[in-house]
1. Between Arg67, Arg43, which is in contact (Cβ under 8 Å) with a residue 40 or more places away in the chain, out of contact with any strand residue (DSSP E or B) (no Cβ under 9 Å at 6 or more places or on another chain) and among the basic types (Lys, Arg)?
2. Among the candidates Leu260, Leu268, Leu242, single out the residue that is out of contact with any Cys (no Cβ under 9 Å at 6 or more places or on another chain) and within 12 Å of the ligand (Cβ to nearest atom).
3. Determine, yes or no, whether Asp65 is of a type outside the set (S, T, N, Q), under 25 Å from Ile15 (Cα atoms) and surrounded by fewer than 23 Cβ atoms within 10 Å (Cβ to Cβ).
4. Taking the stretch 86-102 only, how many residues are within 11 Å of the ligand (Cβ to nearest atom) and either touching an Asp or Glu at 6+ places or on another chain (Cβ under 7 Å) or not polar (S, T, N, Q) (or both)?
5. Could you list, in sequence order, all residues of the stretch 152-182 that are among the β-branched types (Val, Ile, Thr) and within 14 Å of the ligand (Cβ to nearest atom)?
6. What is the number of the single condition among (1) modelled with pLDDT of 95 or more; (2) in contact with a helix residue (DSSP H, G or I) (Cβ under 8 Å, 6 or more places away or on another chain) that Leu214 does not meet?
7. Go through the stretch 86-117 and give me each residue that's closer than 27 Å to Phe277 by Cβ and not in a loop (DSSP other than H, G, I, E, B).
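The values are calculated or read from the model by the stated rules, or taken from the named source; none is laboratory data. All values derive from a computational prediction rather than experimental measurement. Note that we place each Cβ from the backbone using ideal geometry, even for glycine, and neighbour counts take in every protein chain shown.
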Amino acid sequence: MPKATVLIQGASSGIGLEFVRQLLKRKTPTHVIATSQKLAEDRLADLQKEYLRHSLHRLDVLELDVRHQDQFDTFGEQVEQCLNDLKRERGLDMLINCAHIWHPSNRVETSLQDVLSIDLNDVYQVNVVGPILVTKILLNALKRGRSSFGNPATNAPYSSLVVNISAELASIQNNRVGGWYAYRLSKCALNMATKNLALEFGRQPLDENSICGLKKDEKPLLFVAMSPGVVNTQMMHEYKKLFPKDAHFLTKTQSVERMLASIDKLSLEDNGAFLDFNGKSIPY
Ligand SMILES: NC(=O)c1ccc[n+]([C@@H]2O[C@H](COP(=O)([O-])OP(=O)(O)OC[C@H]3O[C@@H](n4cnc5c(N)ncnc54)[C@H](OP(=O)(O)O)[C@@H]3O)[C@@H](O)[C@H]2O)c1
């Protein structure tokens, strides 16, 4: 019987799919709900079949294209159904928001002349609106989590953990080369959303005027923005020339192993933080 339940949003390829693989292999039996913008006979379906062959119901795959607002209500109901099927009252212990696009044309902007309104909007829709609306629709399920990830022993307990996969390119302080307009802007906005959520759901109200999304008996939620590093996914081959010659590229396996190890050490003190894959703080 799974001891923890995680939802990976944007898991059909790359880092999201690697999270699914590694979480399924955890020593603590973990149930994974993975989303894909289009259900297909693909690597997620193969993984699901592999577990079912061994009579293990460990992976649910749901369809969600985060650009389509009309899919969100059905998606929320499907997640509740998955949790119900696990025959446990508890909800989600962790949400990882992973889906992204670099740029609709797959060629990031290296000059202001390349910047188009439609591209800025498209990237914002997937990289910012998506994670916020997914968090919103799953909020009740997240409030029912039992802090199976992170390290609740270090301070006050929390219900669940939300990891928004960000990027070092979002750091304003560390931006020394420019470019990547739509992508950088979107990840900056995602970081701000992470901080806002941490403030709204990460603590009991300081006074009667404080913004607080928790009821008196509800535990806080823990939110972080985490950069996976520069990871050798398929798309990255296109962009390698834009990185300094000495840039260190991680494999998907290395990046996800390190992120999960860092996630295991998180506590409420990290709420709203922007961290690298080793759990080290990145300046906003
Ligand atoms: N790779 C790196 O070096 C690097 C560096 C910094 C940050 N990151 C961050 O790490 C995360 C994962 O990146 P990755 O390299 O694994 O990217 P990837 O291989 O391009 O995977 C992106 C995922 O997002 C999904 N997606 C795209 N549009 C979607 C939509 N409208 N609705 C739902 N899902 C959608 C894709 O689905 P399809 O397969 O159906 O297209 C795919 O599963 C991203 O948040 C990215 O910004 C990556």
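1. Arg67
2. Step by step, each of Leu260, Leu268, Leu242 is checked, and only Leu242 is out of contact with any Cys (no Cβ under 9 Å at 6 or more places or on another chain) and within 12 Å of the ligand (Cβ to nearest atom).
3. Yes, satisfied.
4. Looking only at that region, the number is 6.
5. Residues satisfying the conditions are Val162, Val163, Ile165.
6. The number of the failed condition is (1).
7. Of everything in the stretch 86-117, those that are closer than 27 Å to Phe277 by Cβ and not in a loop (DSSP other than H, G, I, E, B) turn out to be Met94, Leu95, Ile96, Asn97.
Residue-wise test of (1) exposed (fewer than 12 other Cβ atoms within 10 Å of the Cβ); (2) at pLDDT below 95.
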{"position": "Ala247", "(1), (2)": "yes, yes"}
{"position": "Glu257", "(1), (2)": "no, no"}
{"position": "Ala261", "(1), (2)": "no, no"}
{"position": "Leu268", "(1), (2)": "no, yes"}
{"position": "Gly272", "(1), (2)": "no, no"}
